[in-house]
Amino acid sequence: MQPIDQKILSRISGRGRGWAFTKTDFVSEFGETNIHQALSSLTRAGKIRRVCHGVYDYPRYSELLGQNLSPDIDAVAQALARKFNWRIQPSGDAALNLLGLSTQIPGRWVYLSDGPSRQYEIGNQALVFRRSVLKDAGFKYRESGLLVQSLKALGKNRVDPAVIETLRQRLVTVNCERILKDTRTVTGWIYQVIKQVCAEHD
């Protein structure tokens, strides 16, 4: 393995299994030609995996199944957002899944974005970026958007104590004060639920 390959693999492995990335994640340290050659070499060697055009991951491995697991779609979305300098926010079923409010794996992962509308095929799943007004995609904190989008997808009538508790557990390490400040302009009932979550949290 070439020294440049080893250095890039070290950066990748340091982020842990499941991390997705593009060459943009390394341009501050290495030359573009070197990055391209290293990623191609590491892919051929089976160290990393190409998930779609220009995007790779450091695959998670299942000892039980004896094979690599499917790519983490959220990690792929984050990698594309870094590459194109987009702000993104999981929407609908994707937000519900990421917050533990749904155990179903979405066939389409839809993200709101301040970039152009685009779609990528990742295995048998679709990763969709839908251009949106910044009010929906422009929260300062990722957790704020996740909360708002998951509650929109769930609907007011389906919010019960179990949902509040699930959200509270997911946000146990989050500073609720900053979330309340970040989401103060959202729809009334959604903000009331967020206040309930944070009251339980405190």
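Figures for the structure shown
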{"item": "0 to 90° range, to nearest 10: angle between helix 142-154 axis and the chain longest Cα axis", "result": "60 degrees"}
{"item": "Bridge type composition, the chain - antiparallel percent by DSSP, nearest 5", "result": "70 percent"}
{"item": "Acute angle (nearest 10 degrees) that the helix 188-201 long axis makes with the longest principal axis of the chain, alpha-carbon atoms", "result": "80 degrees"}
{"item": "Accessible area per residue in Å² at 1.4 Å probe, computed on the chain", "result": "55 Å²"}
{"item": "Whole-number percent relative contact order across segment 4-68, with pairs defined as alpha carbons under 8 Å at least 6 apart", "result": "37 percent"}
{"item": "Contour excess over end-to-end distance, with Cα ends at Glu121 and His53 and 0.36 nm allotted per residue", "result": "23.5 nm"}
{"item": "Of all accessible heavy-atom area on the chain, the percent that carbon and sulfur account for (1.4 Å)", "result": "45 percent"}
{"item": "Stretchable slack from Phe30 to Asn157, in nm (0.36 nm times residue separation minus alpha-carbon distance)", "result": "40.5 nm"}
{"item": "Correct option for mean projected area of the Cα convex hull in nm² [calculated from the coordinates] among (i) 10.7; (ii) 12.7; (iii) 34.8", "result": "(ii)"}
{"item": "Estimated inter-spin distance, Ser40 and Phe84, nm [label 7 Å along Cα→Cβ]", "result": "2.5 nm"}
{"item": "Separation of the Arg60 and Ser10 label points, Cα + 7 Å toward Cβ, nm", "result": "2.7 nm"}
{"item": "Isolated Cys residues of the chain, judged by Cβ distance under 4.7 Å to other cysteines", "result": "Cys52"}
{"item": "Protection-proxy order for peptides 109-118, 186-195, each taking the mean of Cβ atoms within 10 Å per residue, highest first", "result": "109-118, 186-195"}
{"item": "Nearest-ten-degree value, helix 3-14 long axis tilted from longest Cα axis of the chain", "result": "20 degrees"}
{"item": "Size of electric dipole in segment 4-68: Cβ of Lys, Arg +1 and of Asp, Glu -1, about Cα centre, debye, nearest 20", "result": "120 debye"}
{"item": "Label zone at Ile105, where the point sits 7 Å out along the Cα-to-Cβ direction: segment 62-89 residues whose backbone N lies under 17 Å", "result": "62-77"}
{"item": "Alpha carbon convex hull of segment 86-198, volume per residue in cubic angstrom", "result": "99 Å³"}
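The values are calculated or read from the model by the stated rules, or taken from the named source; none is laboratory data. As the structure is a prediction and not an experimental result, all values here were calculated from the model. Glycine also receives a Cβ, built like all others from the backbone with ideal geometry; neighbour counts cover every protein chain displayed. Keep in mind that these areas ignore ligands, DNA and RNA; they rest on the heavy atoms of the full protein, side chains included. Shrake-Rupley method; radii C 1.70, N 1.55, O 1.52, S 1.80 Å.
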